[in-house]
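Asks: Before anything else, here's the structure in question.
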Amino acid sequence: MILFPAVDLKNGQCVRLEQGDMARATVFNLNPAAQAQSFAEQGFEYLHVVDLDGAFAGKPVNAQAVEAMLKTIKIPVQLGGGIRDLATVEAWLEKGITRVIIGTAAVRDPELVKAAARKFPGRVAVGLDARDGKVAVEGWAETSQVTVLEIAQRFEDAGVAAIIFTDIARDGLLKGLNLDATIALADAISIPVIASGGLASIEDVKAMLTPRASRLAGAIAGRALYDGRLDPASALTLIRNARA
């Protein structure tokens, strides 16, 4: 189980949104590279980064901030937001991103995901963000008519490294992970699933380490880390002990 600290980028700054609403953004750090460095020093093994402006624009917007992070830290980085074509996938992987996350395009253009996963095995993840079980796209501004499971099943044999499942209703609100829905998804497909949205405390980390959650590949922590509700050292010690 990997605990991914999240860096969400808006206007070159590190922010957290509530329920994906750009109007409800809290700025936590003016320097994303320094924030990334801090997470690396705390002992996190893998960073989760989202270009929020990119998700709305349909192309990378905060590239400068991402590149500054890549220069600053040595731990692997997965990046989502505005990745809608093979050229963008390729450009980010060449710059040092370990794994790209394709969200909107996974709904609109599943062939892109399949082509990218074929070309770059193990380096393409799919981000599925759900509002009432239906997948939201375009930076969560629109809700599609397809369910998370329907989309996930399209990629069963595509070589996708992971599916990152976010419950939008909980995102940024510290209500706890929607483990029931996440585990149900993980049980229905063979692709590893990462839980996202609402992680609030050490109790969520403990729940991720129970036998019923054993198929989950990890969880993403955002606001709880920034406002001190989740102590990184305690969370990472719990995870290390569970692996031993």
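Asks: With the condition kept exactly as written, say whether any residue in the range 44-62 is open to solvent by 50 Å² or more (accessible area, probe 1.4 Å) and among the basic types (Lys, Arg).
Replies: Scanning the range 44-62, I find at least one residue that is open to solvent by 50 Å² or more (accessible area, probe 1.4 Å) and among the basic types (Lys, Arg), so the answer is yes.
Asks: May I ask you to say which residue of 167, 180, 171 is touching a residue at least 60 places away in the same chain (Cβ under 8 Å) and charged (D, E, K, R)?
Replies: On the way: 167 fails: touching a residue at least 60 places away in the same chain (Cβ under 8 Å); 180 fails: touching a residue at least 60 places away in the same chain (Cβ under 8 Å).
Going through 167, 180, 171 in turn, just one is touching a residue at least 60 places away in the same chain (Cβ under 8 Å) and charged (D, E, K, R): 171.
Asks: Looking at the range 118-154, which of its residues are touching a Pro at 6+ places or on another chain (Cβ under 7 Å) and either farther than 21 Å from residue 215 by Cβ or not basic (Lys, Arg) (or both)? Can you show your working first?
Replies: Going through the range 118-154, the residues touching a Pro at 6+ places or on another chain (Cβ under 7 Å) turn out to be 154.
Within the range 118-154, none qualify.
Asks: Taking the range 131-189 as the search range and keeping residues that are of a type in the set (Asp, Glu) and touching a Gly at 6+ places or on another chain (Cβ under 8 Å), which one is modelled with the lowest pLDDT? So that I can check it myself, show each step before the final result.
Replies: At the first step, the residues of the range 131-189 found to be of a type in the set (Asp, Glu) are 132, 138, 142, 150, 156-157, 167, 171, 180, 187.
So of that shortlist, the ones also touching a Gly at 6+ places or on another chain (Cβ under 8 Å) come out as 138, 167, 171.
Details: 138: 73, 167: 88, 171: 77.
Residue satisfying both the conditions and the ranking: 138.
Asks: Next question. Pairs under 7 Å by beta carbon, first residue small (Gly, Ala, Ser) in the range 90-111, partner open to solvent by 40 Å² or more (accessible area, probe 1.4 Å), six or more apart or different chains?
Replies: Close Cβ pairs (under 7 Å, with a partner that is open to solvent by 40 Å² or more (accessible area, probe 1.4 Å)) amount to 105/84.
Asks: While we're on this one: Considering only the range 93-139, state which residues are under 17 Å from residue 217 (Cβ atoms) and over 16 Å from the mean Cα position of the chain (by Cα).
Replies: 117, 121
Asks: Please specify each residue of the range 141-167 satisfying the condition of being open to solvent by less than 20 Å² (accessible area, probe 1.4 Å), aliphatic (A, V, I, L, M) and in a strand (DSSP E or B).
Replies: Result: 162, 163, 164.
The values are calculated or read from the model by the stated rules, or taken from the named source; none is laboratory data. None of these values were measured; they are calculated from a predicted model. For neighbour counting, all protein chains shown are included, and Cβ atoms are generated from backbone atoms with ideal geometry for every residue, glycine included. Keep in mind that these areas ignore ligands, DNA and RNA; they rest on the heavy atoms of the full protein, side chains included. Shrake-Rupley method; radii C 1.70, N 1.55, O 1.52, S 1.80 Å.
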